[in-house]
Amino acid sequence: MEPFEWSGSPGQPGRLHIRRWEREFPGVSAGMTTRIGGVSEGDYDSLNCALHIQDRPELVIENRRRLAETLGVPFEAWTCGEQVHDRKVAVVTGNDRGRGRFTREDAFADTDALVTDEPGIWLASFYADCVPLYFIDPVRRAIGLAHAGWKGTVLQIAQAAISVMGEAFGSKPEHIHTAIGPSIGSCCYEVDYRVIERIDACMDELGLDEEERRWVYTLRGDGKALLGLQEMNRQIMIKAGILPMHIEMCGMCTSCRTDLFYSHRKENGSTGRMASWIGLDL
């Protein structure tokens, strides 16, 4: 069953919620926006949520405000990192609440993952094919988000987030539930040998066996491969101690579904960004 469920009505930001989490873990909201239901124009039509592209900032901020209002969340609670395809994880406290919601300069610098155990803080990050990773520890009431392109994946940002949740909040991997959100799938994500060499090195480091490796990529006859970043991140999570039954995995490809999502690869780099979010009610 697809874990990301559609929610939205005319005039509202279209979004996908991790409904099982929202049912099972009281006070939690988690999901991802689509490209539908905002005010951005042209290539960014219409719910672009990112400030780091060439969209008009006032339109991006209005899209973010509309999303917060639709979710019933104070806009001042939205907290963002400035993503750079690395593995830095920031522990977000009440003093950080709202960083990055208006400007990039105010966001957590050089940070691709955010974690917190404080209610009333809503974490957000931004995507157009990269993999959104979600984390929740219902025992310690801790949450996290991570942004994983192929570089962040081979740097094992998922493992870094799990490790920091343990250090900061006492989270145990066997208690953490994770989700892998909408992203470009192996049906569309063609990469060259330089990327595959890095993926192979990562799989060697993880000690993946032949059966585990076979789902990560498929070689083509032209020296390229079709890469499944979702499966690679799932393997990283399992090797970090996450129980397979605690991993939700989206089946939608952002490149196949440009009616619903932005896709950097499919749209030749000129497109908007979706936002992922996760938060705990006060």
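Within region 9-26, if we keep just the residues that are under 20 Å from the mean Cα position of the chain (by Cα) and farther than 18 Å from THR254 by Cα, the residue that is surrounded by the most Cβ atoms within 10 Å (Cβ to Cβ) turns out to be TRP21. Filtered by the rule that a residue be more than 20 Å from the chain's Cα centre (by Cα), among the charged types (D, E, K, R) and farther than 21 Å from GLY272 by Cα, region 56-95 gives a lone residue, GLU76. Kindly indicate whether ALA50 is of a type in the set (Gly, Ala, Ser), under 19 Å from ILE184 (Cα atoms) and modelled with pLDDT of 95 or more. Yes: the conditions hold for ALA50.
State yes or no: is LEU133 crowded, with 16+ Cβ neighbours inside 10 Å and farther than 29 Å from ASP281 by Cα? No, not satisfied. Residue check: LEU282 meets all listed conditions (1) surrounded by fewer than 22 Cβ atoms within 10 Å (Cβ to Cβ); (2) modelled with pLDDT of 95 or more; (3) of a type in the set (A, V, I, L, M, F, W, C); (4) within 30 Å of GLY94 (Cβ to Cβ) but one, namely (2). Screening region 154-230 for helices (runs of 4 or more DSSP H) wholly inside it with 1 or more residues that are under 18 Å from the mean Cα position of the chain (by Cα) and of a type in the set (S, T, N, Q) returns the ranges 157-169. Report yes if some residue within region 240-261 is of a type in the set (S, T, N, Q) and in a helix (DSSP H, G or I); otherwise report no. The answer is no, given that none of the residues of region 240-261 is of a type in the set (S, T, N, Q) and in a helix (DSSP H, G or I). When you scan region 78-95, how many residues do you find that are farther than 19 Å from ASN48 by Cα and surrounded by 14 or more Cβ atoms within 10 Å (Cβ to Cβ)? So the count comes out to 8.
Annotation: of all residues in region 189-223 being loosely packed, with under 12 Cβ neighbours inside 10 Å and among the hydrophobic types (A, V, I, L, M, F, W, C), the one that is farthest from GLY149 (Cα to Cα) is LEU219. Figure legend. Inter-residue proximity from region 62-74: first residues in contact (Cβ under 8 Å) with a residue 40 or more places away in the chain, second residues of a type in the set (Val, Ile, Thr), beta-carbon distance below 9 Å, spacing 6+ or different chains. Indicated pairs: ASN63/THR33; ASN63/VAL39; ARG66/VAL39; LEU67/THR33; LEU67/VAL73.
When residues in region 95-115 are screened for being touching a strand residue (DSSP E or B) at 6+ places or on another chain (Cβ under 9 Å), free of Cβ contacts under 8 Å to residues at least 40 places away in the same chain and over 19 Å from LEU59 (Cα atoms), 7 of them pass.
On inspection, ILE184 passes the criterion of being among the hydrophobic types (A, V, I, L, M, F, W, C), surrounded by 21 or more Cβ atoms within 10 Å (Cβ to Cβ) and either farther than 18 Å from ILE136 by Cα or modelled with pLDDT under 95 (or both). Only one of the numbered conditions (1) under 17 Å from ALA160 (Cα atoms); (2) within 19 Å of the chain's Cα centre (by Cα); (3) exposed (fewer than 15 other Cβ atoms within 10 Å of the Cβ) is violated by LEU243, and that is (2). Restricting to region 108-128, name every residue that is surrounded by fewer than 24 Cβ atoms within 10 Å (Cβ to Cβ) and over 18 Å from SER29 (Cα atoms). Hits for region 108-128 are PHE108, ALA109, ASP110, THR111.
Only one residue in PHE4, PHE75 is crowded, with 16+ Cβ neighbours inside 10 Å, of a type outside the set (Lys, Arg) and out of contact with any strand residue (DSSP E or B) (no Cβ under 7 Å at 6 or more places or on another chain), so which one is that? Explain how you work it out, then say what you get.
Numbers: PHE4 fails: out of contact with any strand residue (DSSP E or B) (no Cβ under 7 Å at 6 or more places or on another chain).
One residue alone meets the criteria, PHE75.
The values are calculated or read from the model by the stated rules, or taken from the named source; none is laboratory data. All values reported here derive from a predicted model rather than from experimental measurement. Cβ atoms come from the backbone with ideal geometry, glycine included; neighbour counts cover every protein chain shown.
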